[in-house]
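See below for the structure under consideration.
The values are calculated or read from the model by the stated rules, or taken from the named source; none is laboratory data. As the structure is a prediction and not an experimental result, all values here were calculated from the model. We place every Cβ from the backbone using ideal geometry, glycine too, and count neighbours over all the protein chains shown.
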Amino acid sequence: MARFLVRRLLNYVALCLIATFLAFGLASLTFNPLAAYAERTPPPPPAAIAAKRAELRLDDPIPARFVGWIGDVALGDFGTTTTGTPIGEQLFSRIGVSLRLFALGTVIGVVVGVLVGVTGAVRQYRFTDYASTVFSFVILSIPVFVLAQLLKFGGLQLNAAAGTTILYFQGEVTPSFRGSAGAELLDRLQHLVLPTLAIALQQIAYYSRYQRSAMLDVLGSDFLRTAQAKGLTRPRALFKHGLRTALIPMATLFAFGFGLLLTGGVFTERIFGWFGMGDWLVYGIQRQDTTIVATVTLFVAVLVLLSGWLSDVLYAALDPRIRIR
């Protein structure tokens, strides 16, 4: 099993490099990072533009530029933006912002989504099943930027009804906030509630539909009837054998869903003023900055492929047949 996981990890490293090179090459071919620099007023002299071009190595072949950049990354140097700002000054703070926002939303979405899906399957064609189905279809049909605005409106109404500010709509913390550690934690939680709900609600709706279908596939299986015939109660048989089996096809969905959510959450970050990796990717495209785009792509590729590797581990934990093979 360990050899299998190591081989998969090495394959993922190669795929990660390929994905990053494709993003780096496409950005290098289409971006003109000197456009904004040359349009300054007064315009810089041609010698200054030539020096900037040489500094950014724009005349070097793309593979040579990528090899030089990825070599520096291996040493911990992610390069600089077109304005000369070191990438490392923003990289880890933005990673922290995105992980704080999306990790919590995903955990809530997965746990509640699985519970809703299992409940809907076990109580098929009853009120709870119909209610969860209607909820899922309504949430999935609402674009995230509309859902975020609806949550903002609901938070505003809650604040008005309470006569004080309970929930905040912008940023991850109140600017220039000063207070004790407990007060600062409370302030961060007040900023976190609405964007987390924007993420979690769609995750709940998405995962509950898949989990319901997966659970329905195992409800009439022979192994459940055998477990009950051996003396297990139906709830215990469903939890110990049915749910475990139904979670196996969901493992990859959970893992890759989180990795892709970080860049797919651009709307959530922008609407609620959280300056994470998705927001940075949009900024890099607007500034035609190849280094920012390549750095974000590398981070997402590592996260997606690491999630895929962890899904292999989860498969092995859920399905003993994989461990035996």
Which residue out of LEU306, LEU314, LEU310 is surrounded by fewer than 22 Cβ atoms within 10 Å (Cβ to Cβ) and more than 22 Å from ILE18 (Cβ to Cβ)?
LEU314
Residue within the range 215-228 that is crowded, with 16+ Cβ neighbours inside 10 Å, under 32 Å from the mean Cα position of the chain (by Cα) and within 30 Å of GLY278 (Cβ to Cβ) present
no
State whether one or more residues within the range 230-248 are surrounded by 15 or more Cβ atoms within 10 Å (Cβ to Cβ), basic (Lys, Arg) and either in a loop (DSSP other than H, G, I, E, B) or more than 14 Å from the chain's Cα centre (by Cα) (or both).
no
Testing PHE272 on (1) surrounded by fewer than 21 Cβ atoms within 10 Å (Cβ to Cβ); (2) touching a residue at least 40 places away in the same chain (Cβ under 8 Å); (3) touching a helix residue (DSSP H, G or I) at 6+ places or on another chain (Cβ under 6 Å), one condition comes back false. Which one is that?
(1)
Inside the range 275-290, can you point out the residues that are in contact (Cβ under 8 Å) with a residue 12 or more places away in the chain and within 18 Å of ILE95 (Cβ to Cβ)?
PHE275, GLY276, MET277, GLY278, ASP279, TRP280, LEU281, VAL282, GLY284, ASP289
The range 259-293, residues that are modelled with pLDDT under 85 and assigned to a loop (DSSP other than H, G, I, E, B):
GLY265
Long-range neighbours under 6 Å by Cβ, at least six apart or interchain, first residue in contact (Cβ under 8 Å) with a residue 12 or more places away in the chain within the range 145-165, second part of a helix (DSSP H, G or I) and aromatic (Phe, Trp, Tyr)
PHE145/PHE267
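Looking at ALA27, ALA64, ALA19, ALA23, which is the one that is more than 28 Å from the chain's Cα centre (by Cα), part of a helix (DSSP H, G or I) and over 30 Å from LEU197 (Cα atoms)?
It is ALA64.
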Sort out which residues of the range 114-165 are within 22 Å of the chain's Cα centre (by Cα) and charged (D, E, K, R), and write them in order of number.
LYS152
Please pick out the residue among PHE102, PHE92, PHE66 that is more than 30 Å from ALA246 (Cα to Cα), aromatic (Phe, Trp, Tyr) and surrounded by 13 or more Cβ atoms within 10 Å (Cβ to Cβ).
PHE66
Can you name the number of the only condition in (1) buried (at least 18 other Cβ atoms within 10 Å of the Cβ); (2) within 17 Å of TRP274 (Cβ to Cβ) that VAL118 fails?
(2)
Does ARG178 meet the test of being assigned to a helix (DSSP H, G or I), more than 25 Å from THR252 (Cα to Cα) and either among the aromatic types (Phe, Trp, Tyr) or out of contact with any strand residue (DSSP E or B) (no Cβ under 8 Å at 6 or more places or on another chain) (or both)?
no
